[in-house]
Amino acid sequence: MSKPAFLPHDHNHQRCIDAALAEARAICQRKHSRLTPQREQVLRLIWQEHRPIGAYELLDKLREEGLKAAPPTVYRALEFLQENGLIHRIESLNAYTGCSHPSEPHASQFLVCQQCQRVAELGSEQIAEQLSEQARRAGFASAHQTVEIRGTCAECLRHFHV
Ligand SMILES: [Zn+2]
Ligand SMILES: [Zn+2]
Ligand SMILES: [Zn+2]
């Protein structure tokens, strides 16, 4: 995996959205997973920013777009998107972010910027293996890893001199 992508604050984000949606459609077609218009709408809303979004904020946005969505609908869509590797849940924020490379299986570690609230994926298999190995040595069978690192992204370091 390439280095974590905290893009410049003024990057052309429409291109991120378009690419993510096109890739999602291709993945779902390949897997025969049904990316319904509503699921796609949820994915598009998640991709509106690189900042993760919570389920209730999503619900508000769906309602703004004129959809009478109930929480179970949103949760089912989120579940579908997660199962298909299109989004990740950021545990420490209880929010969801679009996966930046859903076509390749990858380990999940996340960098969370406390200034701009954006998240980037580290995705290091090496770190994941080392953590599992340490857990195994402690006689522990790990099922799932959550690694979220808080700090300041390179862009914010440059702009805010924090
Ligand atoms: Zn973007
Ligand atoms: Zn990912
Ligand atoms: Zn930042």
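The values are calculated or read from the model by the stated rules, or taken from the named source; none is laboratory data. This structure is a prediction, so every number in the text was calculated from the model and none was measured. When we count neighbours, we look across all protein chains shown, and the Cβ atoms used for this are built from the backbone with ideal geometry, even at glycine.
How do the pairs read when you match residues in segment 135-162 that are among the charged types (D, E, K, R) with residues anywhere that are not in a loop (DSSP other than H, G, I, E, B), using Cβ under 6 Å and keeping only pairs 6 or more apart or on different chains?
What qualifies is E148/S92; E148/F110; E148/V112; R150/V112.
Got at least one residue in segment 46-58 being part of a loop (DSSP other than H, G, I, E, B), within 16 Å of ligand 1 (Cβ to nearest atom) and of a type in the set (D, E, K, R)?
So the first thing to find is which residues in segment 46-58 are part of a loop (DSSP other than H, G, I, E, B), and the list is 47-52, 54.
Filter once more, so that each one left must be within 16 Å of ligand 1 (Cβ to nearest atom): 47-52.
Restricting the remaining residues to those that are of a type in the set (D, E, K, R) gives 49, 51.
Looking for residues that are part of a loop (DSSP other than H, G, I, E, B), within 16 Å of ligand 1 (Cβ to nearest atom) and of a type in the set (D, E, K, R), one finds at least one in segment 46-58, hence yes.
Pick from segment 25-54 the residues that are of a type in the set (G, A, S) and more than 21 Å from Q109 (Cα to Cα): which of them is surrounded by the fewest Cβ atoms within 10 Å (Cβ to Cβ)?
Within segment 25-54, the subset of a type in the set (G, A, S) is 26, 33, 54.
The next check asks that each one be more than 21 Å from Q109 (Cα to Cα); those that pass are 26, 33.
Working: A26: 13, S33: 16.
Result: A26.
Residues in segment 102-113: is at least one surrounded by fewer than 18 Cβ atoms within 10 Å (Cβ to Cβ) and at positive phi? Explain how you work it out, then say what you get.
If we filter segment 102-113 for residues that are surrounded by fewer than 18 Cβ atoms within 10 Å (Cβ to Cβ), which is where we start, we get 103-105.
So of that shortlist, the ones also at positive phi come out as none.
No, segment 102-113 contains no residue that is surrounded by fewer than 18 Cβ atoms within 10 Å (Cβ to Cβ) and at positive phi.
I'd like to check something: does segment 71-82 contain any residue that is of a type in the set (D, E, K, R), more than 16 Å from ligand 2 (Cβ to nearest atom) and not assigned by TED's automatic domain parsing to the domain that holds A143?
Yes: one or more hits.
Go through segment 101-131 and count every residue that is within 16 Å of ligand 1 (Cβ to nearest atom), assigned to a loop (DSSP other than H, G, I, E, B) and under 15 Å from I53 (Cα atoms).
Here the count works out to 3.
All but one of (1) touching a strand residue (DSSP E or B) at 6+ places or on another chain (Cβ under 9 Å); (2) under 12 Å from E148 (Cβ atoms); (3) away from ligand 2 (no atom under 12 Å from the Cβ) hold for A128, so report the exception by its number.
With (1) touching a strand residue (DSSP E or B) at 6+ places or on another chain (Cβ under 9 Å); (2) under 12 Å from E148 (Cβ atoms); (3) away from ligand 2 (no atom under 12 Å from the Cβ) applied to A128, the lone miss is (2).
Let me spell it out: the conditions are (1) surrounded by 11 or more Cβ atoms within 10 Å (Cβ to Cβ); (2) not in a loop (DSSP other than H, G, I, E, B), and Q145 meets all of them except one. Which number is the exception?
(2)
Could you list all residues from segment 66-100 that are within 16 Å of ligand 1 (Cβ to nearest atom) and either modelled with pLDDT of 95 or more or of a type in the set (V, I, T) (or both)? Working first, answer last.
Our first condition is that a residue be within 16 Å of ligand 1 (Cβ to nearest atom); within segment 66-100, this holds for 86-88, 96-100.
Listed by number, the residues that qualify are L86, I87, H88, Y96, T97, G98, C99.
Of all residues in segment 117-131, how many are buried (at least 18 other Cβ atoms within 10 Å of the Cβ) and not basic (K, R)?
Here is the first cut: in segment 117-131, the residues buried (at least 18 other Cβ atoms within 10 Å of the Cβ) are 118-123, 128.
Subsequent filtering for residues that are not basic (K, R) retains 119-123, 128.
Residues flagged as buried (at least 18 other Cβ atoms within 10 Å of the Cβ) and not basic (K, R) within segment 117-131 amount to 6.
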